[in-house]
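I have placed the structure first, in the form of structure tokens, so that the comments after it can refer back to it.
The values are calculated or read from the model by the stated rules, or taken from the named source; none is laboratory data. Bear in mind that the values here come from a model prediction, so they are computed numbers and not experimental data. Quick reminder, even Gly has a Cβ in these numbers, built from the backbone with ideal geometry, and neighbours come from all protein chains shown.
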Amino acid sequence: MPVDDPKIADEEIVHRRVLPGHVVRGEGRPRLTSQAFADRSGHPSVDRVLLRSDAELTRESPGNGVVRLSVAEIRSIADVRELVEDARSAIQYQIDVRPRPLAHNTSHAQVEPDPEYRKPRLREKLQKALQRLANDRPDAWVLLPEPVAR
């Protein structure tokens, strides 16, 4: 972690924009697919609620939804591991939420591994872990994608 990268508190809540195609509608509340946490960089973007409390800004468009997660929950992800060549040891990736402010969005942060992934398939493990966290959280939905009703 760079020296100028202040740590985000475990108590913070983050919002993630969810595109309508990443929501499974069925009986009960809508559920997310793991693609809801896909990101070209492999580091899913989130907004820190402490710095951007208006979920509509995270949503960007009425067709999108917004889910909430706690930073502590994200940091508790322990199933992003990689067996090394000898198959007798593994790399355990520590998952963190780090501030990555943008010019137009100072609340922007990213979910990042430490160390950096050695294999792209590990991104999918993180996406699935984030999917489980959101789907298991009863109050995950802040804003549902339209036209889905609560």
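Here's a check for you: in segment 17-51, which residue that is modelled with pLDDT under 95 and among the acidic types (Asp, Glu) is nearest to Leu126 (Cα to Cα)? That would be Asp39.
When residues in segment 13-64 are screened for being charged (D, E, K, R) and buried (at least 19 other Cβ atoms within 10 Å of the Cβ), 5 of them pass. For segment 26-51, which residues satisfy the criterion of being assigned to a loop (DSSP other than H, G, I, E, B), of a type in the set (A, V, I, L, M) and under 12 Å from the mean Cα position of the chain (by Cα)? Listed by number, the list holds a single entry, Ala38. Selection of segment 119-137 for residues being loosely packed, with under 14 Cβ neighbours inside 10 Å and in contact (Cβ under 8 Å) with a residue 60 or more places away in the chain yields only Pro120.
Of all residues in segment 19-48, exactly one satisfies the criterion of being touching a Phe, Trp or Tyr at 6+ places or on another chain (Cβ under 9 Å) and within 17 Å of Asn105 (Cα to Cα), namely Pro44. Tell me the residue from Val23, Val80, Val49 that is β-branched (Val, Ile, Thr), out of contact with any Asp or Glu (no Cβ under 9 Å at 6 or more places or on another chain) and under 20 Å from Leu143 (Cβ atoms), please. None of the other options fit; the residue is Val23. Would you point out the residue of segment 77-120, among those that are among the charged types (D, E, K, R) and under 17 Å from the mean Cα position of the chain (by Cα), that is farthest from His43 (Cα to Cα)? The selected residue is Asp79. Checked against the criterion of being in contact (Cβ under 8 Å) with a residue 40 or more places away in the chain, farther than 22 Å from Glu124 by Cβ and either in contact with a Ser or Thr (Cβ under 6 Å, 6 or more places away or on another chain) or crowded, with 16+ Cβ neighbours inside 10 Å (or both), segment 76-94 has no qualifying residue.
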